[in-house]
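Read through the structure below, which is laid out as structure tokens, and then see the notes.
Rule-based calculations on the coordinates, nothing more; no lab input. Bear in mind the structure is a predicted one, so any value in this text is a computation, not a measurement. Here the Cβ positions follow ideal geometry from the backbone for every residue, glycine too, while neighbour counts run over all protein chains shown.
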Amino acid sequence: MAYYYVYVLWSEKDGMFYTGYSKDLDKRLNEHNNSQVPSTKLRTPFLIYWLGCLNRRDDTRRENYLK
């Protein structure tokens, strides 16, 4: 069974949070940490929270709630 993941990043540089979701958490976190995501590329984010969901609808609702 495939999971969708909601994640929260915290930037050590500016103290701001970033919330997102992905079907492939490892790949997405690597993209963030390697400055491949425009909205976080200057922030050096670190993973502080993630949650697995069984479907995308639940995943996006949880992401919006956290935002």
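Counting other Cβ atoms within 10 Å, keep those with at most 11, restrict to DSSP loop, and tell me which trypsin sites (Lys or Arg not before Pro) in the stretch 1-43 are left. Mind dumping the intermediate values first?
Working: sites: K13, K23, K27, R28, K41, R43; in loops: K13, K23, K41, R43.
Qualifying residues, ordered by number: K13.
Could you tell me what a quarter of the Cα convex hull surface of the chain works out to, in nm² with one decimal place? Don't skip to the answer; put the middle values down first.
Details: hull surface 16.7 nm².
Averaging across all directions leaves 4.2 nm² for the Cα convex hull.
Per DSSP helix of 4 or more residues, -39500 (n - 2.57); summed, then divided by the residues of the chain. What does that give at 222 nm, rounded to the nearest 500? Can you show the working numbers first?
On the way: 2 runs with 20 residues, N = 67.
Value at 222 nm, helices only, nearest 500: -9000 deg cm²/dmol.
Helix 56-66: angle to the longest alpha-carbon principal axis of the chain, degrees 0 to 90, nearest 10?
In the chain, helix 56-66 runs at an angle near 50 degrees to the longest axis.
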